[in-house]
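Here the structure is laid out as C-alpha cells; the discussion comes afterwards.
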C-alpha cells in the first residue's frame with residue numbers, strides 16, 4: 001500500500017517539477033516549432049487546461065505506457081529507456097557478482113584474523129574504497145589499463161550476442177573485456193560494504209558456542225568456515241545487498257558516463273544536458289517504480305529468510 | 001566513567017589547580033590517537049588553503065591577463081618561458097593546475113560545508129520537533145525520512161538537479177535536501193532518550209515555553225552525535241558534489257570545483273596527459289579521507305558506549 005503511495009507522490013513531484021517550475025511550453029515542445037505548431041501541441045498536451053486536469057492526463061497516459069516522445073530521437077521515451085535497460089542491468093548484476101565473490105572471502109578473512117597484516121590491509125583498503133570518488137577511480141583505471149598498459153578497451157560495450165532475445169556482452173571475449181573495468185569500478189564501493197559486513201559477521205559468529213562445538217568435534221577448519229560461518233553471515237549480507245542493488249543501478253549513471261557504456265544512466269545524463277524533458281520524466285518514473293519494487297521484494301525476502309522478523313511483526 | 005576516575009588523580013597530581021572540564025577531557029581523548037591528530041592537522045591545512053586560496057596561489061587561474069594559452073597542457077615541474085614554475089603542470093587552457101586546485105578546493109569545501117550546516121539546522125529542527133512532540137508530528141516527519149532514505153542519495157540529487165538546473169545555489173539546495181534526513185534521524189534518536197530525563201521534566205514543571213525547552217535544554221544535550229554526523233555528511237556532500245559536477249549537472253563552468261577540474265582533464269586522458277585529472281582527484285581524495293578520519297575519531301571519543 002505504501003509503495004503505491006510513494007509512486008503516486010513521486011509522480012506528483014516529478015509532474016510539478018517539470019510542469020510548474022519553468023515554462024512547460026519551452027520544456028515540453030521542441031524549441032524549433034513555430035506558433036501554429038506550439039498552439040497545436042499545447043492543445044494536444046492539454047496545456048490550456050487547469051493543472052489538476054493536466055495531472056490527470058499525465059497519469060492516464062503514464063498508465064497506458066505513454067510518457068512522451070523524445071525531442072532528440074523522435075521516438076517514445078519509454079521505448080528508448082527499455083532499449084537501454086539490459087545494458088545497465090548487466091553492468092549492475094556483474095558489479096554485484098564481483099562485490100560478492102571478492103568481498104565475502106576478504107571480509108571473512110579480515111574477521112577471522114583481525115590482527116594480521118593482511119587483515120589490517122583489507123580493512124584499510126575498505127576504508128579507502130568508501131572514500132574514493134567512483135568517477136575518479138574510473139578515470140584512473142582507464143588511464144592505467146587502457147592508455148598506459150593497453151590491456152583493456154577504454155569505452156563502449158563491445159560485441160553482443162542475443163540471449164533469450166536480450167543482447168548481452170558477457171558471452172563474448174570482446175564484450176567481457178569491455179565489461180570488466182566498468183563492472184569493477186561500480187563494484188568497488190559495494191565491495192567495501194560487503195567486506196565490512198562479512199567481517200563483522202565472521203567476528204561475531206566465530207565466538208558462538210556452535211563453532212566451538214564444531215571445532216571440538218574435530219571438523220576440518222575449512223568446513224567450519226565454509227558451512228558454519230558462511231551460512232550465518234549470509235543473512236545480513238544478502239538483505240543489505242538486495243537493498244543496495246537499487247543503489248548500483250543509480251550509481252551506474254556515473255560509471256556509464258566514464259566508460260561510455262550505452263545504458264540508461266548515460267541516456268539520462270545526456271537528456272538532462274540536452275533538456276530532453278520527456279526522457280528525464282520517463283527515466284525518473286521508471287527508476288522510482290524499480291526502486292519501490294526492489295524494496296518491496298527485499299522486505300518480503302527478508303521475512304522469508306529470517307523468521308525473527310515475522311515474530312516481531314506479530315508481537316507488535 | 002572509569003576513564004574519568006582513573007585519569008582524575010593523575011591530573012590532580014600534575015596540576016592541582018587545573019579543573020578537568022568536559023571540553024578539556026574531550027581534547028585529551030581526541031589527541032590520544034596519532035592518526036587522528038595528523039588528520040586534524042591536515043584538515044586545518046586544507047581549510048587554510050581553501051580560505052586563503054587567492055593569497056597563497058602562485059597565480060590566479062581565472063585572471064585572463066595572467067593565463068597564457070601557449071602554456072597549455074604542460075607536464076608537472078615545467079617552466080613557462082617567462083619563468084613561472086608549474087609544479088603540477090597546466091590544464092588545457094594553460095592555467096596553473098596547483099592554483100586551480102586551491103581555488104577548486106575553496107569551491108568544493110564551501111559548497112560541502114554550507115550544505116552540511118544548513119542541512120544540520122533544518123534536519124536538526126525537524127528531528128527535535130519529531131522527538132519532542134511525538135504522536136502524529138513524529139509519524140509524519142519520520143515517514144518522510146524513511147521514504148527519502150530508501151532512495152540512494154545520487155538518485156535524489158539527480159531528480160532535484162534535473163528539475164532545478166545548474167548553479168551554486170541549486171546544488172546547495174539539492175545537497176541540503178539529500179542530507180537533512182540523516183540529521184533528522186540522528187537527532188531524533190538522541191532527543192528521544194534525553195526527553196525522558198529529569199531535567200526536561202523539571203523545565204516542563206517550571207512552565208518554560210516549548211521553544212525554550214527544545215532549544216536551550218534539549219538541543220545542547222543532543223549535539224555530540226550531531227557533530228559526528230556533520231563530519232561524515234560533509235565528506236559525503238563534497239564527494240557527491242564532485243560527482244555531479246563531473247557529470248556536468250552540478251556546478252556551472254564559472255564555479256570550478258574539484259569535480260569540474262577532473263572532468264576537464266577527461267578529454268586529455270587518452271593522450272597520456274594524466275596530471276590534469278590526477279592531481280585534482282588526489283586533492284579530493286585527501287580531503288575526503290581526512291574528514292572521514294577526523295569523524296571516525298570523534299565518533300569514538302563522543303560515543304558514551306565506547307568509553308571504557
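The values are calculated or read from the model by the stated rules, or taken from the named source; none is laboratory data. Owing to the predicted nature of the structure, the values given are computational and were not obtained by experimental measurement. Cβ sites come from the backbone with ideal geometry, for glycine too, and all protein chains shown count toward neighbours.
Which is in a helix (DSSP H, G or I), in contact with a helix residue (DSSP H, G or I) (Cβ under 8 Å, 6 or more places away or on another chain) and more than 22 Å from residue A:244 (Cβ to Cβ), of B:186, B:234? Break it down into steps so the answer makes sense when it comes.
On the way: B:186 fails: more than 22 Å from residue A:244 (Cβ to Cβ).
Result of the check over B:186, B:234: B:234.
Can you pull out every residue in the stretch B:92-145 that is outside any helix (DSSP H, G or I) and touching a residue at least 60 places away in the same chain (Cβ under 8 Å)? Before you say what the answer is, go through the steps one by one.
Taking the stretch B:92-145 as the starting set, the residues that turn out to be outside any helix (DSSP H, G or I) are B:92-96, B:134.
B:92 - this is the single residue of the stretch B:92-145 that is outside any helix (DSSP H, G or I) and touching a residue at least 60 places away in the same chain (Cβ under 8 Å).
Given the residues B:124, B:134, B:116, which is the only one that is away from every other protein chain (no Cβ under 14 Å) and at pLDDT below 85? Talk me through it step by step, then tell me what you get.
Details: B:124 fails: at pLDDT below 85; B:116 fails: at pLDDT below 85.
None of the other options fit; the residue is B:134.
One line per residue, one yes/no per condition, for (1) surrounded by 18 or more Cβ atoms within 10 Å (Cβ to Cβ); (2) at pLDDT 85 or above; (3) facing chain B (nearest Cβ under 10 Å):
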site: A:102; (1), (2), (3): no, yes, no
site: A:106; (1), (2), (3): yes, yes, no
site: A:111; (1), (2), (3): yes, no, no
site: A:116; (1), (2), (3): no, no, no
site: A:120; (1), (2), (3): no, no, no
site: A:124; (1), (2), (3): no, no, no
site: A:131; (1), (2), (3): yes, no, yes
site: A:144; (1), (2), (3): no, no, yes
site: A:149; (1), (2), (3): no, no, no
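Every residue in the stretch B:249-290 that is modelled with pLDDT of 80 or more, within 10 Å of chain A (Cβ to nearest Cβ) and assigned to a loop (DSSP other than H, G, I, E, B), please.
B:249
For residues that are closer than 27 Å to residue B:149 by Cβ and part of a loop (DSSP other than H, G, I, E, B), tally how many sit in the stretch A:261-292.
Of the residues in the stretch A:261-292, 1 are closer than 27 Å to residue B:149 by Cβ and part of a loop (DSSP other than H, G, I, E, B).
Residues in the stretch B:214-232: is at least one closer than 26 Å to residue B:43 by Cα, in contact (Cβ under 8 Å) with a residue 60 or more places away in the chain, out of contact with any strand residue (DSSP E or B) (no Cβ under 9 Å at 6 or more places or on another chain) and within 14 Å of another protein chain (Cβ to nearest Cβ)?
yes
If the requirement is being surrounded by fewer than 19 Cβ atoms within 10 Å (Cβ to Cβ), under 20 Å from the mean Cα position of the chain (by Cα) and within 14 Å of chain A (Cβ to nearest Cβ), which of these qualifies: B:173, B:168, B:178? Give the derivation first.
On the way: B:168 fails: within 14 Å of chain A (Cβ to nearest Cβ); B:178 fails: surrounded by fewer than 19 Cβ atoms within 10 Å (Cβ to Cβ).
Being surrounded by fewer than 19 Cβ atoms within 10 Å (Cβ to Cβ), under 20 Å from the mean Cα position of the chain (by Cα) and within 14 Å of chain A (Cβ to nearest Cβ) holds for just one of B:173, B:168, B:178, which is B:173.
Given the criterion exposed (fewer than 14 other Cβ atoms within 10 Å of the Cβ) and at pLDDT 80 or above, identify the matching residue among A:222, A:200. Reasoning before the result, please.
Working: A:200 fails: exposed (fewer than 14 other Cβ atoms within 10 Å of the Cβ).
None of the others qualify; the one that does is A:222.
From B:302, B:244, grab the single residue that is closer than 30 Å to residue B:187 by Cβ and either modelled with pLDDT under 85 or more than 14 Å from chain A (Cβ to nearest Cβ) (or both). Give the steps one after another, and end with the answer.
On the way: B:244 fails: either modelled with pLDDT under 85 or more than 14 Å from chain A (Cβ to nearest Cβ) (or both).
Testing whether each residue is closer than 30 Å to residue B:187 by Cβ and either modelled with pLDDT under 85 or more than 14 Å from chain A (Cβ to nearest Cβ) (or both) leaves just B:302.
Would you point out the residue of the stretch B:147-163, among those that are over 16 Å from residue A:273 (Cβ atoms) and at the interface with chain A (Cβ under 7 Å from one of its Cβ atoms), that is surrounded by the fewest Cβ atoms within 10 Å (Cβ to Cβ)?
The residue in question is B:150.
Say we look at the stretch B:261-278 and pick out the residues that are touching a residue at least 60 places away in the same chain (Cβ under 8 Å) and crowded, with 23+ Cβ neighbours inside 10 Å; which of these is nearest to residue B:228 (Cα to Cα)?
From the stretch B:261-278, those touching a residue at least 60 places away in the same chain (Cβ under 8 Å) are B:261, B:264-265, B:267-268, B:273, B:275-276; that's our starting set.
Checking the rest, the ones that are also crowded, with 23+ Cβ neighbours inside 10 Å come to B:261, B:265, B:276.
Working: B:261: 29, B:265: 34, B:276: 33 Å.
Checking each candidate, the answer is B:261.
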